[in-house]
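Here the structure is laid out as structure tokens; the discussion comes afterwards.
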Amino acid sequence: MNWLILILAGLFEVSFTFCLGKARNSVGTESTLWYVGFVIALLLSMTLLIKSIETIPLGTAYAVWTGIGAVGTALIGIFIFKDPTNFWRIFFIVLLIGSVIGLKAVSAE
């Protein structure tokens with residue numbers, strides 16, 4: 001169950017970086033609302049991360065959480081914010097995904 005909580009924490013990390021990107025590209029009340037979304041997603045992400053480390057080793061949980069956040073944020077950047085992409089960027093995103101899967105595979109719960 002804590003692995004599912006950890007995955008949700010990682011997805012909320014992606015959410016707060018998405019909100020940050022949207023806030024950067026907006027003004028006035030819209031920007032403020034995106035910053036509020038950022039704070040809410042950040043709090044949820046941290047709370048879920050804290051809950052997940054009750055049974056998952058801290059180093060593993062943190063690496064998986066940041067891996068989900070890094071991959072998710074990179075993909076959001078490519079598909080939504082039109083960040084540049086090339087072979088090496090995709091290669092390292094895939095490598096990161098493989099690393100997260102590998103950490104899960106070798107971690108005992």
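The values are calculated or read from the model by the stated rules, or taken from the named source; none is laboratory data. This one's a predicted model, so the numbers in the text were calculated from it and none came from an experiment. Note: ideal-geometry Cβ built from the backbone for every residue, glycine included; neighbour counts use all protein chains shown.
Summary table below
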{"quantity": "Flag for V39 being farther than 21 Å from M1 by Cα and under 15 Å from the mean Cα position of the chain (by Cα)", "calculated": "yes"}
{"quantity": "Unique match (being more than 18 Å from E13 (Cβ to Cβ), of a type in the set (V, I, T) and in contact with a helix residue (DSSP H, G or I) (Cβ under 6 Å, 6 or more places away or on another chain)) among T60, T73, T85", "calculated": "T85"}
{"quantity": "Residue pairs meeting the criteria (Cβ under 6 Å; at least 6 apart or on separate chains; first within 22 Å of K22 (Cβ to Cβ), in the stretch 76-94; second in a helix (DSSP H, G or I))", "calculated": "I76/F18; F81/G21; D83/G77; T85/I78; I93/V71; I93/A74"}
{"quantity": "Residues (without any contact (Cβ under 8 Å) to a residue 12 or more places away in the chain and aliphatic (A, V, I, L, M)) located in the stretch 1-38", "calculated": "M1, L4, V27, L33, V36"}
{"quantity": "Yes/no for G28 being more than 11 Å from the chain's Cα centre (by Cα) and on the phi > 0 side of the Ramachandran plot", "calculated": "yes"}
{"quantity": "Residue that is among the aliphatic types (A, V, I, L, M), out of contact with any Phe, Trp or Tyr (no Cβ under 6 Å at 6 or more places or on another chain), in contact (Cβ under 8 Å) with a residue 24 or more places away in the chain and closer than 23 Å to R89 by Cβ, where the choices are A61, A70", "calculated": "A70"}
{"quantity": "Qualifying positions in the stretch 27-68 - small (G, A, S), within 23 Å of D83 (Cβ to Cβ) and modelled with pLDDT of 95 or more", "calculated": "S31, G37, A41, S45"}
